[in-house]
1. Residues in region 157-172: is at least one more than 23 Å from THR43 (Cβ to Cβ), within 15 Å of the chain's Cα centre (by Cα) and free of Cβ contacts under 8 Å to residues at least 40 places away in the same chain?
2. Return the residues of region 101-160 that are in a strand (DSSP E or B) and crowded, with 20+ Cβ neighbours inside 10 Å; say none if nothing qualifies.
3. If the Cβ limit is 7 Å and pairs must be 6+ apart or interchain, which residue in region 115-136 that is assigned by TED's automatic domain parsing to the domain that holds GLY74 pairs with which residue that is of a type in the set (Asp, Glu)?
4. Checking the condition modelled with pLDDT under 95 and either within 19 Å of LEU94 (Cα to Cα) or out of contact with any helix residue (DSSP H, G or I) (no Cβ under 6 Å at 6 or more places or on another chain) (or both), which residue from GLU136, GLU152 passes?
Amino acid sequence: MKKFAIPALASALALAACGSPAEVDDTTADTEAVSAEATDTGTIVDVASGNEDFSTLVTAVTTAGLGNTLAGDGPFTVFAPTNAAFAKVPEETLNGLMTPEMKDDLVGLLTYHVVPGETNAAALVQAINDNDGSYELGTVNGGKLTATLDGENVILTDAAGGTATVTATDVEASNGVIHVIDTVVMPG
């Protein structure tokens with residue numbers, strides 16, 4: 001699995017927590033620089049908006065009215081389909097989901113890609129291994145995704161029996177983590 005290195009909020013917190021008050025005064029500039037770097041990471045929505053490979057996802061999130069929710073405190077784990085993943089969805093279906101009449105279905109689809117809490121790649125692989133090779137994730141929309149391993153790749157199986165491969169992991173955001181997937185998962 002690929003891993004993107006983006007400055008982590010945890011690094012800023014660890015640095016700030018290391019020193020006594022006198023040391024913090026001496027390192028204020030360094031701590032502020034790390035904190036500013038972590039803040040630059042932005043929310044899940046900010047990170048996705050800053051990457052052109054997620055433009056369809058960002059459009060869908062905006063259309064569904066989920067921007068504020070996914071920019072909230074979280075934490076969230078988002079399995080984010082790329083534009084190429086959305087291109088696998090029949091154009092007629094995708095266009096239909098983007099209409100006001102289908103907003104509830106779009107919200108259901110998008111929230112099926114979101115898991116409450118922050119689960120990094122190492123924790124997910126460990127959970128799969130600890131549970132005899134299969135781990136069930138509860139999504140925000142109430143559905144389930146099943147995570148398994150195929151070699152070193154995490155595979156998600158959706159309610160419809162479709163699969164998506166996690167192609168990049170641990171893209172950090174201030175309110176959670178993003179794992180990139182190559183196929184849109186379907187809630188049923």
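The values are calculated or read from the model by the stated rules, or taken from the named source; none is laboratory data. What you see is a predicted model; the values in this text were computed from it and never measured. Cβ coordinates were reconstructed from backbone atoms using ideal geometry, including for glycine residues, and neighbour counts include every protein chain displayed.
1. yes
2. VAL114, VAL115, TYR135, LEU145, ALA147, VAL154, LEU156
3. Taking only residues 6 or more apart or on different chains, the pairs are ASN120/ASP170; ALA121/ASP170.
4. GLU152
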